[in-house]
1. Using a Gaussian network model of the chain with C-alpha springs under 10 Å, which one of Ala179, Ala156, Ala77 is most mobile by mean-square fluctuation?
2. Could you give each residue of segment 139-144 its phi-based ³J(HN,Hα) in whole Hz, using Karplus coefficients 6.51, -1.76, 1.60 with θ = phi - 60°, and x for Gly or Pro?
3. Could I have the simple spin-label model distance between Arg96 and Glu108, label points 7 Å from Cα toward Cβ, reported in nm to one decimal?
4. Kirkwood Rh over alpha-carbon pairs of the chain, then Stokes-Einstein at 4 °C and 1.567 mPa s: what D in µm² s⁻¹, rounded to an integer?
5. HN-Hα J couplings of segment 219-230 from phi, Karplus 6.51/-1.76/1.60, θ = phi - 60°, integer Hz, Gly and Pro as x?
6. For segment 1-129, what are Rg and Dmax over the alpha carbons, in angstrom?
7. With the Cα gyration tensor of segment 74-151 in hand, convert its eigenvalues to equivalent ellipsoid semi-axes via √(5λ) and list them largest first in whole Å.
8. Using just the helices of the chain, give the 222 nm mean residue ellipticity in deg cm²/dmol: DSSP H runs with n ≥ 4 each add -39,500 (n - 2.57), and the total is spread over all residues, rounded to 500.
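Just so it is clear, none of the values below were taken in a lab; they were calculated from the coordinates. For clarity, every value in this text was computed on a predicted model and none was experimentally measured. With ideal geometry, Cβ positions are generated from the backbone for all residues, glycine too; neighbour counts draw on all protein chains shown.
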Amino acid sequence: MNVDPAELQKFSELSHRWWDPAGSFRPLHEINPLRLDWIDQRAALAGKRVLDVGCGGGILSESMSARGADVLGIDLADKPLRVAQLHALESGARVRYRAISAEELALEAAASFDIVTCMELLEHVPDPDSTVAACATLVRPQGWVFFSTINRNARAFLMAIVGAEYVLGLLPRGTHEYARFIRPSELARSARTADLEVDELRGMSYRPLGRTYLLGTDTRVNYLMACRKAS
Ligand code: SAH
C-alpha cells in the first residue's frame, strides 16, 4: 500500500488541534481561502461531485461543501478523519468521510468525480506517481484535478523546512522531509503519464512581515497545479 505509517502517526498526534486557527495547522487555515477561490474560479464548485484526497481534518473539504459542492473526503489516518467527522457534525457541513486510499477507491469508483483535490499530500506519500494516477482514474473525462505540494531546491529547503519549521515555527519540526519534495516538472510528467493535461501552475508564497500568503508566479517553494483529464 502506498502509505508511510510514520506520516499518518505524525498527523494523528496533532489532529486534536486541526481546527485551531492558531495551532499546528495554522498555515492550512491561512492558505485555505486562496486555494478555495482558485479552485472555484476554475472548476465552479456549486453542484459538483468533489473528492478531497488526503483531506485530514477537513478544512478544504468543508469549505468546498460550503460553496455548494457534494464532497467526499478520504484519508488513511483515523484520528484526523474523526476530527473531520465531529467538526462536520458541529458545523452542519454535509461532507462524507471515508478511511480509504485513492488507489483503492479508484478500483470501485473510476470516473465518478467532476473535481479531485489533492492538497499538501503528495510530499507525504512513498509513491506520488501512484497517487496522481489514482486521482486521474477517479475524475471524469474533462474533469479537474488540483494538486499542491512543495518544490525541491535550495530555496525550498531554506523556506519550507529551516524557515517554516525552525525559525518561524509556522509548522511543527519534522513536518516535511526534503527528499520528498517534488519539482513542478516531475509532477507535470507524472500528470501527463496519467492522461492529465496541465492547465495551470501557480506559486504560493509567504510574506513573513505581513504574515500573509499570496498566489503568483513564484513557484520556487509552494505551488499548485491545475490539470484536466484528457479523455
Ligand atoms: N489536504 C489537507 C490536509 C493536508 S495534511 C489540507 O490541505 O488541508 C496531509 C494529510 O495527508 C494528513 O491528513 C495525512 O493523514 C494524509 N495522508 C498521509 N499519507 C496518506 C496516504 N498515503 N493516503 C491518504 N492520506 C494520507
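1. Of Ala179, Ala156, Ala77, the Gaussian network model singles out Ala179 as fluctuating most.
2. Coupling constants for segment 139-144: 8, 7, x, 6, x, 9 Hz.
3. In this crude spin-label approximation the distance works out to 1.0 nm.
4. 74
5. Once rounded to whole Hz, the list reads 9, 5, 10, 8, 8, 10, 10, 9, 10, 10, 6, 6.
6. 13.8, 38
7. They are 22, 16, 12 Å, listed from largest to smallest.
8. That comes out to -10500 deg cm²/dmol.
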